[in-house]
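Report on the structure given below.
Laboratory data are not the source of any read-out in this text; all were calculated from the coordinates shown. Being a predicted model, the structure only gives us computed values, none of them experimental. Here the Cβ positions follow ideal geometry from the backbone for every residue, glycine too, while neighbour counts run over all protein chains shown.
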Amino acid sequence: MNPGESAAAGPGGEPLWNTRWAEAFDLLATMIAVVRPDGHCLYANTAFENVLGLSRRNVLKRDWFEWFVEADLLRDTVAAIARNEFATSRLDAQLRRPLGGHAEPLLVHVIVNQVEGPHEPGAEPVLVELIEIEQQTRQDREERALDQVQANKELIRNLAHEIKNPLGGIRGAAQLLEMEIDSRALTEYTQVIIHEADRLQALVDRLLAPHRRPQQVAEMNIHEVCERVRSLVLAEFPKGLRIERDYDTSIPDFLGDREQLIQTVLNIVRNAAQSLVERIAAGDARITLRTRVARQATIGKHRHRLALELHIEDNGPGVPESIRDRIFYPLVSGRDGGSGLGLTLAQTFVTQHQGTIDCESEPGRTLFSITIPLP
């Protein structure tokens, strides 16, 4: 049976893969296949091709179950759905990838459903959806991060309000007290109070800064941002540090606040450079700025046709495990003397561009990933 004669059909009886259904499936980020119990794959969408790194023709001509590690359970499930023992079923599986791809199988969550329409007796096809477990985990993490940004915003506003009013009173009282005393030793104490009040005021102002200043939106290029940050950090660390470029120059300009994104990337790259002190001394410190285009990217709960991916990777010691899950929280720092505001501000600025920021870290490799929708 060739694909045009297959029984799996959409509304009106037309073959499923020759209709608008196939076009819709090709827009999905999840992998879709129409499979018969004997392993004959009748249709695979673009996402399935991309994950395997093969053309659709090559995917269709192999026994579909051969793509899976220990596929017996999946084979039995497809057969049971085809026999109408169940309407739908879910299970986890491991998807093999061809030589030259990733060595490790891809963990996927499999959803098997019946296909409506006329079928060839004994060869009823089923619709199989494969969802990368890591992708689902990432989406859940992004949603939590967006909720965290909103919670941080409310916390900062309330905290600033509670601090600023008494802080002004403390500073004013210290100034009045200084005017009334003649002892130089006591004046030193009032100066300490005034200095610390000013320091706290500056800290509160920094926390509130991203929420006070309106975005200055204009056409901008992400590589101009990267080059600006690269020159600033290399001027600060002229020896022992190499900042490598890995740019996709086809990425289009987009609307954004150039200064906010410079500050975002600068905060991350400078943190990376400061963590690389030992490698800088040894002369083998490396930071990589990598840009790519992601297609059909899901950010939060929204799907975007195109998105910018900016990866900032370093070969430093990694983020301390004790704070790895909290690095975007205000005032959390893994470095002595750090304010703990750099990554909080970076997350706030990226969120204001409807994007997300994520971090993966282990000894010898830390990767910050920024994703921002493109027009």
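Worth a mention:
- Listed peptides 215-225, 265-275 by packing density, highest first (mean Cβ within 10 Å): 265-275, 215-225
- Cα centroid separation - the stretch 279-313 against the stretch 348-369, whole Å: 8
- DSSP-loop trypsin sites (Lys or Arg not before Pro) across the stretch 216-246, with at most 14 other Cβ within 10 angstrom: LYS239
- Residues MET179, MET31, sorted so that the one with the fewest Cβ neighbours within 10 Å comes first: MET179, MET31
- D (Stokes-Einstein, µm²/s), Kirkwood Cα radius, the stretch 236-301, 1.002 mPa s at 20 °C: 151
- Once the Cα gyration tensor of the stretch 217-373 is diagonalised, semi-axes √(5λ) in Å: 25, 18, 14
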